[in-house]
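Participant: Pasting in a structure now, in structure tokens, and then I'll have a few things to ask.
The values are calculated or read from the model by the stated rules, or taken from the named source; none is laboratory data. Everything numeric in this text was worked out from a predicted model, so none of it was measured. When we count neighbours, we look across all protein chains shown, and the Cβ atoms used for this are built from the backbone with ideal geometry, even at glycine. Keep in mind that these areas ignore ligands, DNA and RNA; they rest on the heavy atoms of the full protein, side chains included. Shrake-Rupley method; radii C 1.70, N 1.55, O 1.52, S 1.80 Å.
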Amino acid sequence: MIVKVKSSAVIGIDPYPVDVEVDIAPGLPQFSTVGLPDAAVKESKDRIKAAIKNSGYRFPEKRVTVNLAPADIKKEGTAFDLPIAVGILAAEGLIDPAKLKDYLIMGELSLDGGIKAIHGVLSAAFQAKASGIAGIIVPADNAREAAMVEGLPVFGTKTLSEIVEFIGGRKEIRPAKVQVAEVFRKSLHYGVDFSEIQGQQQAKRAFEVAAAGGHNILMVGPPGAGKTMLAQRIPTILPDLTFEEAIEVTKVYSVAGLLNRKEIFWGTRPFRAPHHTISDAGLVGGGHVPRPGEISLAHHGVLFLDELSEFKKHVLEVLRQPLEDGYVVITRSAITTTYPSRFTLIAAMNPCPCGYYGDPRRECGCTLRQIRQYKSKVSGPLLDRIDIHVEVPSVKYRELAAKSGGETSAEIRNRVETAREIQIKRFQGHVTGTNAQMTSRQIKQFCALGTESQALLEMAMEKLGLSARAYTRILKVARTIADLEGEEKISSGHISEAIQYRSLDRKSI
């Protein structure tokens, strides 16, 4: 007898339907799984046998064949344990196969018949709703996560026997309920604020510009100047995530297995700060079975790379394509996976190996050759993709002792949101969302300069030896500065400030 159970899997963060087909035929006892299963799926036969027996049912002493369709896509993970076990029990007559068409089933089995949490449930729930499934059966620990999809009945179960009783109509399981709007509201909270930072007015201004236009930023300054504090607070001045953006971020974290029973929804801008010893696969994603890396976990948020020059050069170079495209493609022999990676890059580095070059209060002990080698670790093409370079000097005592650090994050965010609204109107009907994403054609259209501004920029290009990419970065930043001031035209003052944010181009050793 052949039984079909509906399930789901994900490629990247996008779900696709999987039909778990179970056939039980006379013959020598054998359990085989086909349909490009990975090692975890192949090992499921031992978990399923033990779970069925320990739940009080008899495992068939026959030839059991399981097919995971479509058979040309590699299947990985433990989420197929439950649908396979349900299919076997249905083939044995313990569950009515006709009732299985109403449910999408996912879950990992433990040896005692319990059901453990799995990854990627939110994406599967969206697929279930889109396909018109009557309901989805998932582990109890994943029920609230799946219930974020409104209008879809979600049944959380703890044991295999509970599912048998539920599908057979002998036990009632109430659908999980979540107040989506309330969960979203509660998640919009940050534990830090810009007013906690003393001094650093120039850096704060640079961060406001970066947030308003979606620009990447590099801070250069001595140890203890507050670079990390500044970076940690930029999510607080970015516009709040829209519900659609929050769902997309939550999908990434669900696939990565970083959601728990308390945090079923990711409503704040992500902030990721990987250590400089990270590998390229850890940063952009990868592995034998592709998983999202730090750049995807920072989607719609901030990726902070502290001690930028200490990262391995080849690790930094893999950032170049995601910074331009907003997504990363990971190709393996059996599968090609795409993960979103639209993030703001915040990087920090010391001016020299000891960290005190140019500091008026500490003497630098580095040679010019050491300083050149230190800065050369960050390639020119990567620096060109960072719109804003800002110096972060040591904070003076008077600034540290001041009672107030200045404006709050909410005050700065109001100006940022106003500038973003201008950009939304400007790019209406285009894929572009912020000034940082402008194409060459849009730069010509929206960044027209007057005679005075053109002369100023031409002089800067010649004297500083700026690249063509740096030229476009200056225009984009100047456009954002003008938006912050509510100006339609870019003035020479806007250009002048934008040029100041190319400090690494202005200085050479």
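Participant: Looking only at region 94-108, decide whether some residue is in contact with a helix residue (DSSP H, G or I) (Cβ under 6 Å, 6 or more places away or on another chain), among the charged types (D, E, K, R) and more than 14 Å from Ile167 (Cβ to Cβ).
Facilitator: Yes - at least one qualifying residue is present in region 94-108.
Participant: Just checking, how many residues over region 178-214 are under 30 Å from Phe427 (Cβ atoms) and in a helix (DSSP H, G or I)?
Facilitator: Adding up the residues that qualify gives 18.
Participant: Moving on. Here is a check on your reading of the model: is Val249 among the β-branched types (Val, Ile, Thr), farther than 27 Å from Asp387 by Cα and either open to solvent by less than 20 Å² (accessible area, probe 1.4 Å) or free of Cβ contacts under 8 Å to residues at least 60 places away in the same chain (or both)?
Facilitator: So Val249 fails the test.
Participant: Could you list, in sequence order, the residues of region 255-297 that are among the basic types (Lys, Arg) and touching a helix residue (DSSP H, G or I) at 6+ places or on another chain (Cβ under 9 Å)?
Facilitator: Initially, region 255-297 is screened for residues among the basic types (Lys, Arg), giving 261-262, 269, 272, 291.
Scanning region 255-297 gives Arg261, Arg269, Arg272, Arg291.
Participant: Something else now. Filter region 472-489 for residues that are farther than 15 Å from Gln423 by Cα and touching a strand residue (DSSP E or B) at 6+ places or on another chain (Cβ under 9 Å); which is least open to solvent (accessible area, probe 1.4 Å)?
Facilitator: So, considering only residues that are farther than 15 Å from Gln423 by Cα and touching a strand residue (DSSP E or B) at 6+ places or on another chain (Cβ under 9 Å), the one least open to solvent (accessible area, probe 1.4 Å) is Ile474.
Participant: Further question on the same structure: Could you pull out the residue among Tyr374, Tyr339 that is under 30 Å from Thr434 (Cβ atoms) and either out of contact with any Lys or Arg (no Cβ under 8 Å at 6 or more places or on another chain) or crowded, with 21+ Cβ neighbours inside 10 Å (or both)?
Facilitator: Every option except Tyr339 fails the conditions.
Participant: Moving to a separate point now. Within region 451-471, how many residues are under 15 Å from His389 (Cα atoms), assigned to a helix (DSSP H, G or I) and open to solvent by less than 40 Å² (accessible area, probe 1.4 Å)?
Facilitator: 1
Participant: Something else about it: Looking at region 98-112, is at least one residue of a type in the set (S, T, N, Q), within 29 Å of the chain's Cα centre (by Cα) and closer than 28 Å to Arg291 by Cα?
Facilitator: Scanning region 98-112, I find no residue that is of a type in the set (S, T, N, Q), within 29 Å of the chain's Cα centre (by Cα) and closer than 28 Å to Arg291 by Cα, so the answer is no.
Participant: What residue, of Lys74, Lys129, Lys62, Lys101, is among the basic types (Lys, Arg) and closer than 21 Å to Arg174 by Cβ?
Facilitator: The match here is Lys129.
Participant: Please go through region 377-400 and give me each residue that is part of a helix (DSSP H, G or I) and open to solvent by less than 60 Å² (accessible area, probe 1.4 Å), ordered by number.
Facilitator: Gly380, Pro381, Leu382, Leu383, Asp384
Participant: Residue under question is Ala212, and the condition is that it be of a type outside the set (Lys, Arg) and at pLDDT 95 or above; does it hold? I'd like the intermediate steps shown before the answer.
Facilitator: Working: of a type outside the set (Lys, Arg): yes; at pLDDT 95 or above: yes.
Answer is yes for this residue.
Participant: What do you reckon, is Arg342 of a type in the set (D, E, K, R), over 30 Å from Gly35 (Cβ atoms), in a loop (DSSP other than H, G, I, E, B) and at pLDDT 90 or above?
Facilitator: So Arg342 fits the description; yes.
Participant: Also: Given (1) open to solvent by 40 Å² or more (accessible area, probe 1.4 Å); (2) of a type outside the set (Gly, Ala, Ser); (3) out of contact with any strand residue (DSSP E or B) (no Cβ under 8 Å at 6 or more places or on another chain); (4) modelled with pLDDT under 95, where does Leu111 come up short, assuming only one miss?
Facilitator: Failing condition for Leu111: (4).
Participant: To continue, here is another question. Given the conditions (1) more than 35 Å from the chain's Cα centre (by Cα); (2) modelled with pLDDT of 95 or more, report the number of the one that Leu28 does not fulfil.
Facilitator: If we test Leu28 against (1) more than 35 Å from the chain's Cα centre (by Cα); (2) modelled with pLDDT of 95 or more, just (2) comes out false.
Participant: Taking Gly355, is it of a type in the set (Gly, Ala, Ser), assigned to a loop (DSSP other than H, G, I, E, B) and either over 24 Å from Leu305 (Cα atoms) or open to solvent by 30 Å² or more (accessible area, probe 1.4 Å) (or both)?
Facilitator: The answer is no for Gly355.
Participant: Considering only residues that are hydrophobic (A, V, I, L, M, F, W, C) and assigned to a helix (DSSP H, G or I), look in region 421-441 and name the one that is nearest to Glu208 (Cα to Cα).
Facilitator: Among residues in region 421-441 that are hydrophobic (A, V, I, L, M, F, W, C) and assigned to a helix (DSSP H, G or I), the one nearest to Glu208 (Cα to Cα) is Ala436.
Participant: Among what's in region 114-142 and is small (Gly, Ala, Ser) and open to solvent by less than 10 Å² (accessible area, probe 1.4 Å), pick the residue that is farthest from Ile13 (Cα to Cα). Quick ask: steps written out before the conclusion?
Facilitator: Restricting attention to region 114-142, the residues satisfying the condition of being small (Gly, Ala, Ser) are 114, 117, 120, 123-125, 128, 130-132, 134-135, 140.
Narrowing further to those that are open to solvent by less than 10 Å² (accessible area, probe 1.4 Å): 120, 123-125, 128, 135.
Values: Gly120: 8, Ser123: 7, Ala124: 10, Ala125: 12, Ala128: 15, Gly135: 21 Å.
Looking at residues that are small (Gly, Ala, Ser) and open to solvent by less than 10 Å² (accessible area, probe 1.4 Å), I get Gly135.
Participant: Here are some conditions: (1) out of contact with any Pro (no Cβ under 7 Å at 6 or more places or on another chain); (2) assigned to a helix (DSSP H, G or I); (3) open to solvent by less than 40 Å² (accessible area, probe 1.4 Å). Lys444 meets all but one. Which one does it not meet?
Facilitator: So the condition that Lys444 fails would be (3).
Participant: Looking at Lys99, Lys42, can you tell me which residue is open to solvent by 50 Å² or more (accessible area, probe 1.4 Å) and over 20 Å from Ala128 (Cβ atoms)?
Facilitator: Lys42
Participant: Would you confirm whether or not region 403-414 contains a residue that is more than 33 Å from the chain's Cα centre (by Cα), open to solvent by 40 Å² or more (accessible area, probe 1.4 Å) and farther than 15 Å from Ala206 by Cα? Outline the logic, then answer.
Facilitator: First, the residues of region 403-414 that are more than 33 Å from the chain's Cα centre (by Cα): 403-404.
Filter again for open to solvent by 40 Å² or more (accessible area, probe 1.4 Å), leaving 403-404.
Filter once more, keeping what is farther than 15 Å from Ala206 by Cα: 403-404.
Yes, the conditions are met somewhere in region 403-414.
Participant: Turning to a different aspect of this structure: Got a sec? Which of Leu323, Leu303, Leu308 is open to solvent by less than 50 Å² (accessible area, probe 1.4 Å), closer than 15 Å to Ala231 by Cα and at pLDDT below 95?
Facilitator: Answer to the selection: Leu308.
Participant: What's the total number of residues in region 326-336 that are open to solvent by less than 50 Å² (accessible area, probe 1.4 Å), part of a strand (DSSP E or B) and either modelled with pLDDT under 90 or at positive phi (or both)?
Facilitator: In the first step, residues of region 326-336 are kept if they are open to solvent by less than 50 Å² (accessible area, probe 1.4 Å); the result is 326, 328, 330, 335.
If we keep only those that are part of a strand (DSSP E or B) too, we end up with 328, 330.
Keeping just the survivors that are either modelled with pLDDT under 90 or at positive phi (or both) gives 330.
Number of matching residues: 1.
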